[in-house]
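Report on one structure; see the data block that follows.
Where a number appears in this text, it was derived from the coordinates with a stated rule and is not lab data. As the structure is a computational prediction, the values presented were derived from the model and not from experiment. Don't worry about glycine lacking a Cβ; one is built from the backbone with ideal geometry, like all the others, and counts go over all protein chains shown.
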């Protein structure tokens, strides 16, 4: 909610911000006057006047456009000098998503968020929790001969993500684990020995790292979630398959956080019950 401001105070603020923007732009009153289509004396009066009058909307818009700031900021309606387009460009980015174990962008985001809680809804079982045999089965079809090299190159990054100061909360659809256990859907053709070893590995890893690692299973028939990752208060990333959509503005990061927290609250298998649940699935 914008606080109501006295006209004289707002006019003073406008003059101060106009002068600040001129200095930051390294431009002159004459250049601004030409860009705005007014006399230089008009700009001079805007800067030196003492009254409570503000220029008309057209002149404010022209000044803002030339100086690269928002009209709202000049008028004291916003504390951010960037234009709406610039704010959107910095708060939302679209990045290509590589079909890789830990691509450069994902790893950079994890490094940036070291020490913060990371909330994650993966598209499948998280790579950082998989056995080497599981990774080989999954990635060999499209990486071919480079699979072993890719896994080796990613091991240090996966270790960093596991050993960082970040707490990890992972929410996974219950049907994903069921599909994995029965080798159906995405996991069709997965050999029995790899499945059994992966379940044991997942149980042991969760028990070893808990509570810094907490894995919850939610019912997708009750609550749905696209693959997302929330890196503390810094950013939230939506996974589309070919691209990541990353949001850095506070309101959207908080909205993603609230969504994730609902998945946790209503999980069918809370983190504390995960080991016993996995034991019931292990052959």
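For the Cα atoms of the chain, what angle does the longest principal axis make with the long axis of helix 132-143, in degrees from 0 to 90, nearest 10?
Once rounded, the angle reads 60 degrees.
Residue 31 to residue 248: FRET efficiency via 1/(1 + (r/R0)^6), r the Cβ-Cβ distance, R0 35 Å, to the nearest 0.05? Each step should come with its number before you reach the end.
Working: r = 33 Å, r/R0 = 0.95.
For R0 = 35 Å, the calculated efficiency reads 0.60.
As I understand it, the value is the acute angle between the Cα axis of helix 192-209 and the longest principal axis of the Cα atoms of the chain; what does it come to in degrees, rounded to 10?
60 degrees
Which ordering of 210, 216 is given by a fewest-first count of other beta-carbon atoms within 10 Å? Write out the running numbers ahead of the final one.
Numbers: 210 14, 216 23.
Ascending number of Cβ neighbours within 10 Å: 210, 216.
Tell me the volume per residue, in Å³, of the convex hull enclosing the alpha carbons of region 7-82.
Value for region 7-82: 74 Å³ per residue.
Using alpha-carbon positions, what is the distance between the centroids of region 11-51 and region 231-272, in Å?
Cα centres, region 11-51 to region 231-272: 44 Å.
Going by alpha carbons, how many degrees (0 to 90, nearest 10) lie between the helix axis of 57-67 and the longest principal axis of the chain?
60 degrees
Residue separation times 0.36 nm, minus the C-alpha to C-alpha distance between residue 238 and residue 149: what's the value?
29.3 nm
Taking only the C-alpha atoms, wrap a convex hull around the chain and report its volume per residue in Å³ as a whole number.
So the per-residue Cα hull volume is 175 Å³.
For a footprinting-style exposure proxy, rank 121, 177 by other Cβ within 10 Å, fewest first. Please report the intermediate quantities before stating the final value.
Values: 121 24, 177 20.
Ranked by crowding around the Cβ, least crowded first: 177, 121.
Express the relative contact order of region 131-258 as a whole percentage, based on alpha carbon pairs under 8 Å and six or more residues apart in sequence.
Working: 106 pairs, mean separation 25.9, N = 128.
For region 131-258, the relative contact order is 20 percent.
For region 7-82, what relative contact order do you get, as a whole percent, if you take Cα pairs closer than 8 Å and at least 6 residues apart?
Worked out over region 7-82, it gives 39 percent.
Ranking 119, 214, 40 by Cβ neighbours within 10 Å, fewest first, what do you get?
Details: 119 24, 214 21, 40 14.
By the 10 Å Cβ count, ascending: 40, 214, 119.
Take every Cα pair under 8 Å in the chain that's 6+ residues apart, average their separations, divide by the length, and report that relative contact order as a whole percent.
On the way: 362 pairs, mean separation 53.9, N = 283.
It rounds to 19 percent for the chain.
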